[in-house]
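Below: the structure, in C-alpha cells.
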Amino acid sequence: MGAGPEWYWSLLEFGVKLKRHAPYFGLTIFMPTIITCLLTLCSFWIDTPAMAIALLIFNVLLQGLFGWDLIRELPPGSGSVPKIAKRYFSVSLYGFNLSMTTIAFMINVLAQFFESVLPGDLELPEKVTTLPEKLRLGQLFQVKGLSFDPQMYVF
C-alpha cells in the first residue's frame, strides 16, 4: 500500500461549553415573589374579610400565572431542575410562597365562616380576655387595620 498510515477516523467528536449570562434572572424570580408576599400580608391588614378573600384569590391567580411563566421560561433539562434555578432556589421559594398564600386563604375563609355562624353578642370568658395582662404582653391588637376612609388621610 502507500506510504501513509493504514488507519483513519470515521467519527469526529467535539464539545462546546456554553456559559449562560443571565444578570436579571434573580430579579425575574424574586420581584414577583416579593409582590405576592406583600399581597398576602395585605390580606391580613384589610378590615373586611370578603375583600381579603378576594385579594387572596387574585393573589393565587397571579401566582399561577407567575408559575406558568416560570416553568415555560426554564430551559428543557434532563428531568431535574437546571443549575441556574437551583442557584436561586426559585422553585422552592415559589412553592413556599404559594403554600403560605393557601394557608392565609384558609385562615380568612375560616374567620369569615366563624363571623357568620357565631352569634354577634358572644362574649369571651374573663380568663381569656385577661390573659395578656396576666402574661404582661400588653395589648395584642392595637391597630385596627387598613381602612379605605378618605377622611383619615386628609391633613
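List of remarks:
- The simple spin-label model puts a point 7 Å past each Cα toward its Cβ; for residue 47 and residue 127 those points are separated by 3.5 nm.
- Cβ-based exposure ranking for 25, 114, in which fewest neighbours within 10 Å come first: 114, 25
- With the highest mean first, a sort of the peptides 124-134, 44-54 on other beta-carbon atoms found within 10 angstrom per residue produces 44-54, 124-134.
- Computed from the C-beta positions of residue 103 and residue 16, the FRET efficiency with R₀ = 35 Å rounds to 0.15.
- Neighbour-count ranking [beta-carbon atoms within 10 angstrom, fewest first] of 94, 24: 24, 94
Just so you know, all these numbers are worked out from the coordinates, no wet-lab data involved. Given the structure is predicted, the values throughout are model-derived calculations rather than measurements. Every residue, glycine as well, gets a Cβ built from its backbone with ideal geometry; the counts of neighbours run over all protein chains shown.
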